[in-house]
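Structure first, then comments.
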Amino acid sequence: MNTNSITRLKESFDLIAQTEPDSRVEFWYARDLMNELGYERWENFFKVIQKAVVSCENSGAEIQNHFRDVKKMVDIGSGISRPIDDIMLTRYACYLIAQNGDPRKEEIAFAQTYFALQTRKQEIIEERINLHERLTARDKLKDSETELSKNIYERGVDESGFARIRSKGDAALFGGHTTQHMKEKLDVPDYRPLADFLPTVTIAAKNLATEMTNHNVKQKDLQGEPSITDEHVQNNASVRSILGERGIKPEALPPAEDLKKLERKVKSTDKKMIKDCELPKKSEKKD
């Protein structure tokens with residue numbers, strides 16, 4: 001997601017934010033949020049809200065502290081108004097809605113970060129989005145490597161063989177550096193995956209090469225370690241060539257921050273956000 005998109009989306013989400021007068025807690029009306037998240041029909045959006053409510057309950061949070069039914073008057077023309085059902089949503093409620101929304105929508109991808117943070121500073125939002133994209137890329141790589149491991153096991157390659165195939169693929173991607181060489185180069189602990197310390201572009205490159213290998217192993221019905229190794233090496237070499245055309249040398253990129261540490265930091269921030277953004281109980285409101 002580029003900076004222009006982030007700026008545009010941030011401004012639109014800021015614009016519909018409301019403040020609970022008794023507590024100064026921010027909230028958003030569901031019908032306002034619906035439009036900003038790219039949903040046209042209330043019925044479809046309400047299904048997402050219901051999933052978010054279940055997620056809220058499962059997290060141990062009090063539903064009424066984050067989802068509150070209200071009536072709102074809307075103008076239907078000719079100076080006539082009528083009440084409609086709406087829902088006051090805390091930042092945490094909005095975050096859960098984004099987590100349960102359609103991830104293909106750019107607005108949903110942005111909202112997952114926007115509502116996870118209690119700051120509106122754009123640079124921090126951009127930083128969190130970059131982390132989210134890196135985590136997503138890492139998850140995709142895990143899935144494609146798991147699939148490759150299963151595919152080649154069915155074709156006579158054991159776990160040790162898979163490690164050798166992956167390392168030779170890495171050597172093709174990283175200009176001759178094996179997985180172990182890259183770990184030493186980037187100061188990655190032996191017991192940790194190399195990908196947890198790679199920048200997003202390199203993780204995505206490894207995933208593309210692995211997906212290509214998965215596809216061709218099945219399409220060509222490749223059998224045994226030698227033929228699968230050749231396929232994986234060729235695919236990594238092809239991806240390296242594409243990166244090289246854009247001036248990117250994977251082995252020359254600096255290491256990224258440890259993803260495990262970042263995940264712990266994110267979880268800690270999220271827990272604090274749940275408590276800090278609660279709507280006041282109705283009995284606590286001033287008359």
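Coordinate-derived values only; no laboratory data. Computed from a prediction, not measured in an experiment: that's the story for all the values here. For neighbour counting, all protein chains shown are included, and Cβ atoms are generated from backbone atoms with ideal geometry for every residue, glycine included.
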TODO: Report whether or not D139 is touching a residue at least 12 places away in the same chain (Cβ under 8 Å) and in a helix (DSSP H, G or I).
DONE: no
Task: Subset of segment 161-207 that is among the hydroxyl-bearing types (S, T, Y) and free of Cβ contacts under 8 Å to residues at least 24 places away in the same chain - its residue that is farthest from T136 (Cα to Cα) - done: T178
Open item on the list: Filter segment 216-258 down to the residues that are charged (D, E, K, R) and surrounded by 14 or more Cβ atoms within 10 Å (Cβ to Cβ) and list them by number.
Closed with: E225, E231, R240, E251, D258
Task: Subset of segment 46-95 (residues that are of a type in the set (D, E, K, R) and touching a residue at least 12 places away in the same chain (Cβ under 8 Å)) - done: K51, E62, R68, D69, K71, K72, D85, D86, R91
Task: Selection count, segment 188-223, where residues are outside any loop (DSSP other than H, G, I, E, B) and under 14 Å from K260 (Cα atoms) - done: 4
- [ ] State whether the residues of segment 86-100 include one that is surrounded by fewer than 17 Cβ atoms within 10 Å (Cβ to Cβ) and either touching a Lys or Arg at 6+ places or on another chain (Cβ under 8 Å) or at negative phi (or both).
- [x] no
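Can you spot a residue in segment 232-254 that is at positive phi, without any contact (Cβ under 8 Å) to a residue 24 or more places away in the chain and part of a loop (DSSP other than H, G, I, E, B)?
We begin by selecting, within segment 232-254, every residue at positive phi; these are 247.
Going one step further and asking which of them are without any contact (Cβ under 8 Å) to a residue 24 or more places away in the chain, we end up with 247.
From what's left, part of a loop (DSSP other than H, G, I, E, B): 247.
Within segment 232-254, one or more residues are at positive phi, without any contact (Cβ under 8 Å) to a residue 24 or more places away in the chain and part of a loop (DSSP other than H, G, I, E, B).
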TODO: Go through (1) more than 23 Å from D276 (Cβ to Cβ); (2) in a loop (DSSP other than H, G, I, E, B) and name the single condition R82 misses.
DONE: (2)
- [ ] Within segment 193-230, count every residue that is within 19 Å of I242 (Cα to Cα), touching a Gly at 6+ places or on another chain (Cβ under 8 Å) and of a type in the set (S, T, N, Q).
- [x] 2
